[in-house]
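Novice: What follows is a structure written as structure tokens; I'll ask about it next.
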Amino acid sequence: MTVFSFISIMTAPVVDILIYAGSAHYTMNSIEIIEKKRQGLIHTSAEIDELVSKVMHNQIPDYQLSAWLMAAVLNGLNLEETTALTHAFVQSGECLDWSDLEGISVDKHSTGGVGDKTTLALIPMLASVGLIVTKLSGRGLGFTGGTIDKLESIPGFKTELSVETFKAQIRQIGMAISSQTPSLAPADGKLYALRDVTATVDSIPLIAASVVSKKIAAGADVIVLDIKYGQGAFMKDLAMAKALAMMCREVGNRLGKNISTLISAMVEPLGYAVGHSLEVLEVVRLLQGTGPKDLETLCLKLGAVAMVSSGKWTVLEEAEILLKQQLHNGKALEKFRALIVAQGGCDAFVETPGLLPAAKQGLPVIAQHGGYVSAIDALRVARACKLLGAGRTTKEDEIDLSVGVVLQKKTGEAIAKGELLAMLHANTQYVDEAMAMVQEAFSISEKPVLPCPLVEEVVLSGKTLNSIAL
Ligand code: URA
């Protein structure tokens, strides 16, 4: 089966020699391109195209590309350069076309966090209000969990759909999810693999080009980005998250795509559950109207941003109210079950959670002293899950879908000595080390602590709403 062999509408031949108005232009060699960025100079679009062309034709070795990446991280890329890089990434592969589907298509993307199961919840929530959700998702790498992996914990659920099946399913139930094809922005795929091993991921322009190019190539009408900040996210502070959000919107704008952004805190894990099947069960609770407050808040805000960005609704608060109704009247859960059944899965776990993969042991993590939970280090919780087998180091690694951590307390809550902080769902691997790590993830203070605001900023149609307005 060809998975996602979409008809390319924007595939452009990558040129070796740049020809303008009939005359051959001098093209820079790799060393000149690296040197220019090392000196902090600004690339022309033609130079960026040339670099990406070399990447696609295997004409630049990894050591030279790594040198350019490091120069770009250290000296930056301005908006024009980032736009040119994004455009070149888009042009390096296929672009999906949903214009033959009736309705407004929506794609929500998160820059990745711990316990972030918002995509799983938002697909049925948005489909339940009549938007079409065309979702291509990735697998988890490093400390972030992938939506596709989470769905694979549902017995029978198929995560690789052909384009025909994908579109047929959208026509039938208004939503589908499939693993992302490598043919979207393949130049980004090549660069990202290198960034991952050369300490060059942390760069606002490189992240913006990477994320926006894939979203443009994926072709949805409405793009909503959830940009996370905090120690459990790529962006470690709010200022960086705001800068990334602005760059993504601006680049999208220049390439003809409206992108709405929301900035959310990833200081503690989102919700209580971290781990694949554990997160699926938490999504069910959310869709039954009894999910964790922070998860529900974020899903309602992201969903409302998507709805208003679609132009079918005008007021964020009204959109949120409608979505909340869908959680409480069972319509969102009904859609979730329809999604599972349409993709070959068995939805009986909604009533019988034991049908999902379950770890052999449930081990309590106990508070050593009383007080108030002042912080829960999301990264430590994620590392504990990885130790238990839930995370990958390389793309080829097998993962354990049953293990994870379920927090019992969140930041700001009171805790007595000997009370439960979290439950470890473990099989046999690195249990003691994971237990110690979860214990260390919790900070307890004597005085009450207020958790930081979950949603910091929403930018929608050029309008900025800060956390107070939200
Ligand atoms: N996610 C991406 O897709 N690209 C990045 O560069 C970082 C996060």
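Novice: Return a whole-number percent for the relative contact order of region 220-369, with Cα pairs under 8 Å and 6 or more residues apart as the contact set.
Specialist: Dividing the mean separation by the residue count of region 220-369 yields 19 percent.
Novice: Right, next: State to the nearest 20 debye the size of the charge dipole of region 387-452 about its Cα centre, where the only charges are +1 on K and R beta carbons and -1 on D and E beta carbons.
Specialist: Once rounded to the nearest 20, the dipole reads 340 debye.
Novice: Relative contact order for region 87-160: what is it in percent, counting Cα pairs under 8 Å that are at least 6 residues apart?
Specialist: Reported as a whole number, the value is 26 percent.
Novice: Could I ask something else about it? For region 98-235, would you read off the P(r) tail past 18 Å as a percentage of all alpha carbon pairs?
Specialist: More than 18 Å apart: 57 percent of the Cα pairs in region 98-235.
Novice: Same structure again: Rounding to the nearest 10 and keeping the result within 0 to 90°, find how far the Cα-based axis of helix 118-128 lies from the longest principal axis of the chain.
Specialist: Long axis of 118-128 versus the principal axis of the chain: about 90 degrees.
Novice: Another one. Which order do the peptides 311-322, 255-266, 206-217, 228-239 take when ranked by the mean count of other beta-carbon atoms within 10 Å per residue, highest first?
Specialist: 206-217, 255-266, 228-239, 311-322
Novice: In sequence order, what are the phi-derived ³J(HN,Hα) couplings for region 167-179 according to the Karplus relation 6.51 cos²θ - 1.76 cosθ + 1.60 with θ = phi - 60°, rounded to whole Hz, with x for glycine and proline?
Specialist: Karplus values, whole Hz, x for Gly and Pro: 5, 4, 5, 4, 5, 7, 10, x, 7, 7, 9, 9, 5.
Novice: Which of the GluC sites (Glu not before Pro) found in region 76-153 are loop residues per DSSP with 14 or fewer other Cβ atoms within 10 Å of their Cβ?
Specialist: Answer by residue number: 102.
Novice: Right, something else. Under a point-charge model restricted to the Cβ atoms of Lys and Arg (+1) and Asp and Glu (-1), what is the dipole moment magnitude of region 117-193 relative to its Cα centre, in debye to the nearest 20?
Specialist: That gives a dipole near 100 debye.
Novice: Further, regarding this structure: Just the C-alpha atoms of the chain: what Rg/Rh do they give, with Rh taken as the Kirkwood radius?
Specialist: Radius of gyration over Kirkwood radius for the chain works out to 0.97.
Novice: Ok, one more. In terms of Cα to Cα distance under 25 Å, which lysines are near enough to residue 54, apart from those fewer than 8 places away along the same chain?
Specialist: 36, 37, 190, 214, 215, 395
Novice: Something else now. Looking at 297, 349, 283, which one has the Cα that reaches farthest to the positive end of the dipole of region 283-365 (charges on Cβ: Lys, Arg +1; Asp, Glu -1)?
Specialist: Result: 349.
Novice: Continuing with the same structure: So what is the relative contact order for the chain, in percent, with contacts set as C-alpha pairs under 8 Å and at least six apart?
Specialist: 17 percent.
Novice: Just how far, in whole angstrom, is region 143-206 from region 49-112 if you go by their alpha carbon centroids?
Specialist: Region 49-112 and region 143-206 have Cα centres separated by 16 Å.
Novice: Please give the helix 62-75 orientation as an angle from the longest Cα principal axis of the chain, in degrees from 0 to 90, rounded to the nearest 10.
Specialist: It works out to around 80 degrees.
Novice: At a 1.4 Å probe, what is the % contribution of carbon and sulfur to the accessible area of the chain?
Specialist: Accessible surface attributable to carbon and sulfur in the chain totals 55 percent.
Novice: What is the magnitude of the charge dipole of the chain about its Cα centre, with +1 placed on the Cβ of each Lys and Arg, -1 on the Cβ of each Asp and Glu, and no other charges, expressed in debye to the nearest 20?
Specialist: Computed charge dipole of the chain: roughly 540 debye.
Novice: Relative to the longest principal axis of the C-alpha atoms of the chain, give the angle of the C-alpha long axis of helix 186-196, reported between 0 and 90° and rounded to the nearest 10°.
Specialist: 60
Novice: Let me ask something additional. Could you work out [θ]222 nm for the chain from helices alone, using -39500 (n - 2.57) per DSSP H run of at least four and dividing by all its residues? Round to the nearest 500 deg cm²/dmol.
Specialist: After summing the helix terms and dividing by the residues of the chain, the value is -13000 deg cm²/dmol.
Novice: So how far, in whole Å, is the C-alpha centre of region 308-342 from the one of region 403-427?
Specialist: Taking the Cα centre of each part, region 308-342 and region 403-427 sit 31 Å apart.
Novice: Among 458, 388, 260, which residue has its Cα furthest toward the positive end of the charge dipole of the chain, with +1 on Lys/Arg Cβ and -1 on Asp/Glu Cβ?
Specialist: So the residue we want is 458.
The values are calculated or read from the model by the stated rules, or taken from the named source; none is laboratory data. All values reported here derive from a predicted model rather than from experimental measurement. Counting neighbours? That spans all protein chains shown, and the Cβs are built from the backbone with ideal geometry, glycine included. Keep in mind that these areas ignore ligands, DNA and RNA; they rest on the heavy atoms of the full protein, side chains included. Shrake-Rupley method; radii C 1.70, N 1.55, O 1.52, S 1.80 Å.
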